[in-house]
Structure formats: C-alpha cells, structure tokens
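The values are calculated or read from the model by the stated rules, or taken from the named source; none is laboratory data. The shown structure was predicted, so the numbers you read here are calculated from the model rather than taken from an experiment. Quick reminder, even Gly has a Cβ in these numbers, built from the backbone with ideal geometry, and neighbours come from all protein chains shown. Note: areas computed on protein heavy atoms with side chains; ligands, DNA, RNA excluded. Shrake-Rupley method; radii C 1.70, N 1.55, O 1.52, S 1.80 Å.
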Amino acid sequence: MIAREEDRPVVAATRARQGTLTRWIVARGVAQAVLKSHLHIETAGIVAEIGQDADGVPLREGTFVHGPKPDGQLGQMLLRLDDREARARMAQAAAERQRAERRVEVAQAALDQARQEHTRTTALASRGIVSHKAAETADTLLRTAEAELETARAEVDLAAAQFRQAGIVLEKMVLCAPFDGRLSLINVRVGDYVEGAVAGSQASREKTAAAILVNEEVLEIALNVPWPDAKNLAPGQDVLASDNSEAIWETATEGIDHPDVVTGQIWSVSPSIGLGSRAVQVKVRIRGGTVRDGMLTTVWIAAAQVLNTTILPHSALVHSGDKPFIFTLIPGGSVVEKRQVQVGISNHTHVAIRSGVEDDELVIIAGQHLLNDGMAVQLAGDHSSATGNSTSTASIAGEDNRPGPERRQ
C-alpha cells in the first residue's frame, strides 16, 4: 500500500557537491611581536634628555622611531643620561694620548740619533780610530733608545685604550632605537635616576625597562596543541588568525574575506610534549591585519586538505555500528535509498565522501531517524506531486547551526 503524501515523513535535503575540504585545528594564544625589545640603558645615571620626534615633541607611547641606517648611522636617540663627567674623562684620556704620542716622537728622534752615532762609532772602532769601549757605549745607548721608544709606544696604546673605554662609557649613556618601530612604553622622565640593565622575568622587565619598542610587521603566536592534533603539523602550513571569532569563522567556513582576519604559516613545531600542559607548542607567524602585540588571538590551522572531493554536512551521516550510511533521494521520485559510504577527512561542519554518493545527488540531512530503505518521503517546503517530479530550490535545506570547533588554550 502506497502511503498518502500527507503521511510521508518530512525530511530536509541538500545536494552533494564537489569542492575543497580543509580540516581545521583551532587554538588560542597571545600574539607577540617578533621584533620587540625591552630597552635598558647600560649604565647607571640621571636622565638628562628624552628624545624628540620630527616635530620636536618629546617621545611618548605610540611615537614611531627609526632604527640604524645602512650607512652605519645609529638609530634615533631615545634618551640620554647626564654625561658631563664621562665627557671630562674622555677629554682627559684624549689629552693623555696626545702627550704619549709626543713622547713617541721624542723617543723616535733620540733613536735615530743613537743609530747614527752607533754606525759612526762602530766604523771608527773597526779602523782603530776610537776605542772598543766607545763602541760599546754607543751600542748601549742605541739599545736604551730602542727600549725607550717601545715604552713610549706602549704608553700610546694604553692611552688609546683608555680613550676608547671613555668613548664606550659615553656611548652607554645614550639609548638609541635598535630597529624601526613604535614605542609601546616609556618608563622614565628627565631627572629620574636609572640603575642600568637588570635581569628578570617578563613581568619585571616590563616594569624596569626604560622603554619598550615594538615592530608589529611580523607577529608570533605560541599555541598549545594536543598531541593527536599536532603530530601531523609542520612548518609552512597555512593558518588564519583574528581576535574576531565571527570573522574568522566566516573566512574559514564560508570563504568570506574579512579585514579582521590575517593569514600566516606555522613557524615551528616543538618535538616535545609539555610536562604541564601535555600539549605540543606550535608557533605561528602572521603579518599585518588588526592583530596587535599582546592580543589574545584565535588561530585556525589548516591541518589537512583534499581537493575536488564530494562534500556533505555531518548531519547527512547515520551510523549502524561503526559503518556510516546516507539516505539519498532517488532521481525523479520521492523514494529514499540507504547507502553505505566511505568517508575521508572532516572538519567542524562537513565530511569528505570517498565513495557511495555522486555529485549533485540529493542527500537527506534531517529526519533520517524516521526512514527505512525504499520509503517514500516529502521534502520540507516541497509542494510537488506524489511522484516528486520537481524539487524547488526552497526545499533544499541548508545548515545554519554552526557547531563551533573545540578551542585549545
């Protein structure tokens, strides 16, 4: 007996389609600028000057500063300590070097004279005109002049070293930008006494740094990914990153470009599993976008991908034991057929079908619990005849439940 149309189970369906399926791993981490420096002045002293921008305004948080130039010119000056005493020591060292160089000149002249006298006396002694004692005296004077010249040269080297040392101390009293970037923090003011560089934790470095400079051109995000998900990850795999969960969902799931979502790649995968987290540290790097240094960021990692495969939503699958099945609508009718399928990779919304369904076939995605093989059905919104010769576009149900993938902290 053929069931009346109004007695048939109402089901929803979608068409199997060909496409690309990406399996995503989702995790969250804090973005950190790859070029980020906690700047400390290397010596203790009193801050005498804070640098200025191109308009003559004192540097402040958000100011862009320039790093070293290709020609060797130092980066922009950020702050300078009171260097009057250091400059005085440098001037004294310069004066001492000049005096030492003058002593070298005197010693060199004395040596030249001693050599001439030694040559003349040696020649006269060989002819018996002067005594051998006179020749020995001339030889002694020559050796003494040579020793005095060596001593004078050593004094020049010492004075030059002291001058260089004074210059290094003077350089350490100026803090310059090591690269192009923006100041995210300035911790000192004119008149403050600073202790110089100190070692410590990340938190203490934030407090003790004279300034923090950030270049956000490249950002790195460290993620803790469970080993089952991380074991097939490798540097170079593509990622999406954003602080906007809705935007990254639309980009990853629906292919919608969004200005809040940036692309990047895996930078490194740790070979070890963390003892505390029992997860693998995966670092990704991104460029540009709205992600900022220190921002908690959601990252979607493209862990696997298949091209030109048949794709169905998860809701299309029913299971009998460990075997997946689908119900398809027989073309030209309203009767369903139950088929076993072979599945491939899946993501949070869809699964790849290796075999068991053809492209563009109608597959039931809701109401399968009411069905048996060969049962007549009616599609939700379908007002066609019992033979089901036509199916309106409205009868092809879509998915809008958007089950979110599990996030890894």
State whether one or more residues within segment 65-80 are touching a residue at least 40 places away in the same chain (Cβ under 8 Å), open to solvent by 80 Å² or more (accessible area, probe 1.4 Å) and either within 30 Å of ARG153 (Cβ to Cβ) or in a helix (DSSP H, G or I) (or both). no
Looking only at strands (runs of 3 or more DSSP E) that lie completely in segment 286-361, which have at least 3 residues being at pLDDT 90 or above? 296-313, 323-329, 336-340, 342-346, 350-355
Going residue by residue through segment 285-295, is there one that turns out to be of a type in the set (Lys, Arg), buried (at least 17 other Cβ atoms within 10 Å of the Cβ) and touching a strand residue (DSSP E or B) at 6+ places or on another chain (Cβ under 8 Å)? yes
Kindly indicate whether any position in segment 243-257 is touching a strand residue (DSSP E or B) at 6+ places or on another chain (Cβ under 8 Å), farther than 29 Å from HIS38 by Cα and not hydrophobic (A, V, I, L, M, F, W, C). yes
Starting from segment 123-148, keep only residues that are modelled with pLDDT of 85 or more, then list their pairs with residues that are open to solvent by 100 Å² or more (accessible area, probe 1.4 Å) whose Cβ atoms are within a distance under 7 Å, requiring at least 6 positions of separation or different chains. LEU142/ARG115
Only residues in segment 97-118 that are free of Cβ contacts under 8 Å to residues at least 24 places away in the same chain and on the phi > 0 side of the Ramachandran plot count as the first member; pair them with residues that are open to solvent by 40 Å² or more (accessible area, probe 1.4 Å) and not in a helix (DSSP H, G or I), Cβ under 6 angstrom, at least 6 apart or cross-chain, and list the lot. none
Can you name every residue in segment 110-139 that is in a helix (DSSP H, G or I) and open to solvent by less than 60 Å² (accessible area, probe 1.4 Å)? ALA110, LEU111, ALA114, HIS118, THR121, ALA123, LEU124, ALA125, ALA134, ALA135, ALA138, ASP139
Is at least one residue of segment 349-360 within 48 Å of the chain's Cα centre (by Cα), under 15 Å from ARG8 (Cα atoms), surrounded by fewer than 19 Cβ atoms within 10 Å (Cβ to Cβ) and not charged (D, E, K, R)? no
What are the residue pairs meeting all of these: first residue in segment 231-260, first residue in contact (Cβ under 8 Å) with a residue 40 or more places away in the chain, second residue of a type outside the set (A, V, I, L, M) and part of a helix (DSSP H, G or I), Cβ atoms under 6 Å, and 6 or more apart or on different chains? LEU240/THR251
Looking at this structure, is SER245 open to solvent by less than 60 Å² (accessible area, probe 1.4 Å), at pLDDT below 90 and within 30 Å of ASP53 (Cβ to Cβ)? no
Screening ILE326, ILE301, ILE311 for residues that are in contact with a helix residue (DSSP H, G or I) (Cβ under 8 Å, 6 or more places away or on another chain) and of a type outside the set (Lys, Arg) leaves only ILE326
Could you run through segment 132-158 and say how many residues are among the hydroxyl-bearing types (Ser, Thr, Tyr) and within 12 Å of ARG103 (Cα to Cα)? 1
Of the listed residues (ALA54, ALA31, ALA12), the one being of a type in the set (Gly, Ala, Ser) and closer than 30 Å to ASN244 by Cβ is ALA31
